[in-house]
Amino acid sequence: MKNIKNLKFVYLLTALLFCTVNSCDEDLDIEVTGAFAEDLVLSTPEQVELLLFSTYNSTENWGLDNSIWWTRRFNIETASFEAKFNFQNRDLMRVRAGWTAGNPGFFRNQWSKYYTYIRQANLFFEQVEGSPAMEQDPEAINELMAEMRFLRANLYSKLIKYFGGVPLITTAHTLDDDFNIPRNTYEECVDFIVSELDAAAAVLPDTRSGDEFGRATKYSALAVKARTLLYAASDLHDATLAPQATNRELYTYSKTSKWQDASDAAKEIIDMVGGRDLTATPDARAYQDLFLSINDDILFARPFGATILAFGTDANSLWDKTQSPNGDDGWGLSSPTHNYVLQYNMADGTTTSGGTYDAANPNDGREMRYYANINFQGAEFRGNPINYALSLNPDVYPHGDDSPEGLGNVRHSSFTGYNIRKFQNEGLSNLQDPTPGRPLILYRLAEVYLNYAEAQAELGNDAEARTYLNKVATRALLPAITASGDELKEAIKRERRVELAFEGHSFFDERRWMVEDHLGMDIRGLRWTTQADGSQTHEEYTVVTRPWFPRMYYLPIPQSEIDRTAALIQNDGY
């Protein structure tokens, strides 16, 4: 079967089958039509496969939403504990102003985007079942249907993270159909997702050949299942803790076996890989390289080749351009917060709240992943030291290249005194060049080990939890963690924050753990100064204040959907 490294061509072709596209500078409306030509689409397995490929665009990209110019260039980290949107301190995600039913900021397309792809999947199932292609090669078509089943379940898993219980739609509606469909409960949604993934996993191959990298496997399906069940077991969905005042069935999960189910789902993957050690990373460079090429720890990722391969994406949407500091001619759109950066321990395993941490020299003696994930004052990056400092005597000691008086577009100078280093190819001579073979990793083995450790800790099996927590921590050259009880649970949370940095987890993890100090906070940064004698100092300061509104555990359902669908209940607080 074919690979999906030529998705740009695939999308444009299948758009003729699926979509009517109207574009403008800021937005791209995609409306899926009600039918497409059976003789073109369904005659052979190859045509069915081509049709399948466009729905792989649903599995995320480097940007949050390719239909909006800005959000092609940064992701959900800007609305999380990890980072803030840097350019002019704008509140594009409305995490400071607060979401409303009519304006959730640049999250505005999440509902329609995912349901558009779900409708594609439902059209696929209805047209493929009983088609000439199915009669020609039922084994091949059943595997393609399992791939689509995985993609649809993955879409629902994302919808319930954003919205709670949602309508479970498994047929492709037309304009003549009744759209007055109520929301399913959260628990019904989880059950559906798990059953669909189990069915897909039973058919999908364990592995793919190299030229099929990026297509669903049994590992992919089980990884989505493990994450879904871990989230369902968390505090946010516990009936005794859930913050909603009404319609609580849309948010809560009542199964008494929830932590065992989450543990079992992760353990199934662990048993398949034999509980092996993660890919070794003897230094920060080796750790960075994990995210620049295909490796054995990846369970599911989007493949990228030598050209820009996602619809609506242009060359300067890749993170080398959008996340590099301004002195490197980058845009630095997502500035890591000092609050978050303090989560990185010291190399000896002690925390930044004590031990060997020196606030006057905050970049010294930190754990290996600090140097792999974060660009900070003085870090060597693409052959030059990063320098955010403004000078009191610029004639003698020039302003830093990465300062508001430095090089490039200085409006992109970091307000927090940090930039993201993770995912960046430091060998590029032109930041707008793609990096052939760099995957966008969506599920990986380290997450599964942390999922399992969290579930085991909640079950009181501390020794087993430590075993798999330490497979992650010691790979990062930290000493083995010996904590137990609540201290162990906190160590697992810290490890997730650091190991899964900027991979789209923080926004949801802090919500499911209900750590409101990480949802609303004074966002802190470091302001660097070159003194008149050439020495450099810094002060910690509040960049912006991000309040917390409890309704923002979930996005609002778009008001337009509420207005036209009487049975659709709006989320609590909106």
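The values are calculated or read from the model by the stated rules, or taken from the named source; none is laboratory data. Here the structure is a predicted model, which is why all the values come from computation and not from measurement. Note: ideal-geometry Cβ built from the backbone for every residue, glycine included; neighbour counts use all protein chains shown. All accessible areas refer to the heavy atoms of the entire protein, side chains included, with ligands and DNA or RNA removed. Shrake-Rupley method; radii C 1.70, N 1.55, O 1.52, S 1.80 Å.
Some points to look at:
- With the helix formula -39500 (n - 2.57) applied to DSSP H stretches of n ≥ 4, the chain reaches a computed 222 nm mean residue ellipticity of -10500 deg cm²/dmol.
- Per atom type, region 384-430 shows carbon and sulfur on 49% of its accessible surface, probed at 1.4 Å.
- Label-point separation in nm, residue 426 to residue 239, each point 7 Å along Cα→Cβ: 5.3
- Rounded to the nearest 20 debye, dipole of region 113-236 from Cβ charges on Lys, Arg, Asp, Glu: 660
- Highest to lowest packing among 453-460, 254-261, 483-490, scored as the average C-beta count within 10 Å: 453-460, 254-261, 483-490
- The phi torsions of region 67-80, fed into the Karplus equation with coefficients 6.51, -1.76 and 1.60 and a -60° offset, translate into couplings of 7, 10, 4, 5, 7, 6, 10, 8, 10, 5, 4, 6, 10, 10 Hz, rounded to whole numbers, with Gly and Pro shown as x.
- Length added when fully stretched, residue 137-residue 96, from 0.36 nm per residue minus Cα-Cα: 9.4 nm
- By a 1.4 Å probe calculation restricted to protein chains, residue 395 has an accessible surface near 150 Å², given to the nearest 10.
- Region 104-208, Cα convex hull volume normalised per residue, Å³: 127
- Computed from the C-alpha gyration tensor, the three semi-axes of the ellipsoid equivalent to region 359-419 are 22, 13, 10 Å, from longest to shortest.
- Simple spin-label estimate for residue 433 and residue 351 gives 4.4 nm between the two label positions (7 Å along the Cα-to-Cβ direction from each Cα).
- Phi angles of region 219-236 translate, via the Karplus equation with coefficients 6.51, -1.76, 1.60 and θ = phi - 60°, into HN-Hα couplings of 4, 4, 5, 5, 5, 5, 4, 4, 5, 4, 6, 4, 4, 4, 7, 7, 4, 4 Hz per residue; Gly and Pro are given as x.
- Exposure ranking of 69, 331 by accessible area [1.4 Å probe, largest first]: 69, 331
- Between the residues 254, 281, 220, the greatest Cα displacement towards the positive end of the dipole of region 204-321, with unit charges on the Cβ of Lys, Arg, Asp and Glu, is found for 254.
- With a Förster radius of 45 Å applied to the beta-carbon distance between residue 487 and residue 248, the computed FRET efficiency rounds to 0.90.
- Residue 84 long-range amide H proximity, modeled H, under 5 Å: 335, 337
- Amide H contacts of residue 524: 338, 339, 543, each under 5 Å away and 5 or more positions distant or on a separate chain (H built 1.01 Å from N in the peptide plane; Pro and chain starts excluded).
- Cα lying deepest toward the dipole's positive end in region 471-527, options 483, 513, 502, charges on Cβ: 502
- Cα centroid of region 55-96 to Cα centroid of region 123-141, whole Å: 37
- Segment residue 564..residue 272, full-extension length gain: 100.4 nm, with 0.36 nm per residue of separation and the alpha-carbon distance subtracted.
- Contour excess over end-to-end distance, with Cα ends at residue 206 and residue 280 and 0.36 nm allotted per residue: 24.3 nm
- Heavy atoms of the protein chains alone define the surface here; on that basis the chain has 37 Å² accessible area per residue at 1.4 Å probe size.
- Nearest-20 debye value, region 502-574 charge dipole, Cβ charges on Lys, Arg, Asp, Glu: 220
- Working from label points 7 Å from Cα in the Cα-to-Cβ sense, the residue 364 to residue 409 distance is 3.7 nm.
- Taking the C-alpha atoms of region 416-574, convex hull volume expressed per residue in Å³: 239
- Size of electric dipole in the chain: Cβ of Lys, Arg +1 and of Asp, Glu -1, about Cα centre, debye, nearest 20: 720
- Highest to lowest packing among 362-369, 350-357, scored as the average C-beta count within 10 Å: 362-369, 350-357
- Residues whose amide H comes within less than 5 Å of that of residue 391, counting only those at least five positions distant or on another chain, are 399, 400, 530 (H built at 1.01 Å from N in the peptide plane).
- Alpha-carbon Debye profile of region 322-438, log10 I(q)/I(0) at 0.14, 0.24 Å⁻¹: -0.61, -1.34
- Taking the C-alpha atoms of region 495-574, convex hull volume expressed per residue in Å³: 154
- Estimated D of the chain in µm² per second, where Rh is the Kirkwood radius over Cα pairs and Stokes-Einstein applies at 20 °C, 1.002 mPa s: 87
- In order along region 332-342, the Karplus-derived 3J(HN,Hα) couplings, from 6.51 cos²θ - 1.76 cosθ + 1.60 at θ = phi - 60°, round to x, 5, 10, 8, x, 7, 4, 3, 5, 4, 5 Hz, and Gly and Pro are given as x.
- Straight-line reach from residue 84: taking Cα to Cα under 23 Å and skipping same-chain neighbours fewer than 8 places apart, the lysines in range are 158, 161, 321, 422, 493.
- Charge dipole (region 240-369, unit charges on Cβ, about Cα centre) - positive-most of 353, 334, 243: 243
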